[in-house]
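Notes follow once the structure below has been shown.
The values are calculated or read from the model by the stated rules, or taken from the named source; none is laboratory data. Predicted, not measured: the structure shown is a model, and the values here were computed from it. All Cβ positions, glycine included, derive from the backbone under ideal geometry; neighbour counts span all protein chains shown.
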């Protein structure tokens, strides 16, 4: 949880500003996950700060949604090709992934209470 604000700022995902009058910021929440080693022992704990998008209203807060996900058929195709061509396969664990493009509209999110208490 301590690393998240630095990572978001480093990747220029946000900038800290005062919310303009008349704008209601969207809330946020923490999503926790346990990363495990191949033998099922705990490798590390991960925390990700996400916006509570379920509080948004279509047409008011957003116009469209898009989530880039890979299809299982594509994964099977790539694995089949690597097997046939005897290509090496490597696993990569990405610490932080920013999959979304630039947002052309200002979005205001309230900070988590933990960060407000530190300030």
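Some points to look at:
- Qualifying residue in region 33-56 (condition: part of a helix (DSSP H, G or I), under 22 Å from the mean Cα position of the chain (by Cα) and either at pLDDT 90 or above or surrounded by fewer than 10 Cβ atoms within 10 Å (Cβ to Cβ) (or both)): yes
- Qualifying residue in region 4-27 (condition: at pLDDT 75 or above, on the phi < 0 side of the Ramachandran plot and in a strand (DSSP E or B)): yes
- Taking every residue in region 39-51 that is at negative phi and in contact (Cβ under 8 Å) with a residue 60 or more places away in the chain and pairing it with any residue that is part of a strand (DSSP E or B) and exposed (fewer than 14 other Cβ atoms within 10 Å of the Cβ), at least 6 positions away or on another chain, the pairs with Cβ-Cβ distances below 9 Å are 49/29; 49/30; 49/31.
- Residues being modelled with pLDDT under 70, under 15 Å from the mean Cα position of the chain (by Cα) and surrounded by 10 or more Cβ atoms within 10 Å (Cβ to Cβ) - total across region 82-116: 3
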